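A.B. asks: Mind having a look at this structure? Questions to follow.
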Amino acid sequence: MLTLTVPDMTCGHCVGVISGILTELDPDCELNFELASRKVSISSGLPREEIIEALSDAGYDCE
Ligand SMILES: [Cu+2]
């Protein structure tokens, strides 16, 4: 489980976009969004760096 903070994740649309990106990378990933705190928890075998790069490419910088 890894948790990222995504400051620009501000609404349900962003959650949908991010969810789509991560599901495309790993169809079996499990995601938990906390919109209020701008956090997404990800259970996946994907490397952290790959996830961060994919989200950054879509305009969502995260750490
Ligand atoms: Cu949004």
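Readers should treat all values here as calculations from the given coordinates under stated rules, not as data from a laboratory. This is a predicted model, so every value here is computed, not measured. Every residue, glycine among them, receives a Cβ derived from its backbone with ideal geometry; neighbour counts consider all protein chains shown.
A.B. asks: Please specify each residue of the stretch 17-40 satisfying the condition of being touching a Ser or Thr at 6+ places or on another chain (Cβ under 6 Å) and within 16 Å of Pro7 (Cβ to Cβ).
C.D. replies: Arg38, Lys39
A.B. asks: While we're looking at this one, here's another question. Within the stretch 5-20, does at least one residue satisfy the condition of being in contact with a strand residue (DSSP E or B) (Cβ under 9 Å, 6 or more places away or on another chain), among the hydroxyl-bearing types (Ser, Thr, Tyr) and free of Cβ contacts under 8 Å to residues at least 40 places away in the same chain?
C.D. replies: yes
A.B. asks: If you don't mind, another one. Which residues, counting only those in the stretch 1-51, are surrounded by fewer than 16 Cβ atoms within 10 Å (Cβ to Cβ), more than 16 Å from the ligand (Cβ to nearest atom) and in a helix (DSSP H, G or I)?
C.D. replies: Thr23, Glu24, Leu25, Arg48, Glu49, Glu50
A.B. asks: So, one more: Being among the aliphatic types (A, V, I, L, M) and over 15 Å from Thr3 (Cβ atoms) is the filter; apply it to the stretch 52-63 and report the residue that is surrounded by the most Cβ atoms within 10 Å (Cβ to Cβ). Show your work before the answer.
C.D. replies: Of all residues in the stretch 52-63, those among the aliphatic types (A, V, I, L, M) come to 52, 54-55, 58.
From what is left, the residues that are over 15 Å from Thr3 (Cβ atoms) are 54, 58.
Numbers: Ala54: 17, Ala58: 13.
Selected residue: Ala54.
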